[in-house]
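Working notes, beginning with the structure itself.
Every number here is computed from the coordinates shown, using simple stated rules; none is lab data. Quick caveat, the model's predicted, so the values are computed rather than measured. Here the Cβ positions follow ideal geometry from the backbone for every residue, glycine too, while neighbour counts run over all protein chains shown.
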Amino acid sequence: MQQLARANLINETNILPKYVDEEILQLIVTGSTGEKYLVSCNEYGIWRCDCKNFEIHGVNEETGSYLCKHVIAAINFLQNHDISRVD
Ligand SMILES: [Zn+2]
């Protein structure tokens, strides 16, 4: 899966937990060219990103079915880090 390979190129140091509570989780993911994207997951487990790819592919798909590389990187990050106490 090409997307997964690209996602793995995003180093964990480029992922910054921003906000978390019972309903929403937000992380800032820095892309390969330095741009920052807001990746979020709502209470229903639906992921969103504000990058161009998500805008192009996400809107025409069933909600939550498209995952860009930033979202995949964020999910990878969460598997290795407990961010339940982000202020
Ligand atoms: Zn994205």
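Things to note:
- Across the chain, Cα-Cα pairs more than 17 Å apart make up 44 percent of the total.
- Taking other Cβ atoms within 10 Å as a rough exposure proxy, Lys69, Lys36 sort from fewest to most as Lys36, Lys69.
- With K and R counted +1 and D and E -1, the other residues having a Cβ less than 15 Å from that of Glu23 yield a net charge of -1.
- Couplings 3J(HN,Hα) for segment 20-27, derived from phi with the Karplus relation 6.51 cos²θ - 1.76 cosθ + 1.60 (θ = phi - 60°), are 8, 8, 5, 10, 9, 10, 10, 9 Hz, where x marks Gly and Pro.
- Simple Cβ-charge dipole of segment 2-80, Lys/Arg +1 and Asp/Glu -1, about Cα centre, in debye nearest 20: 400
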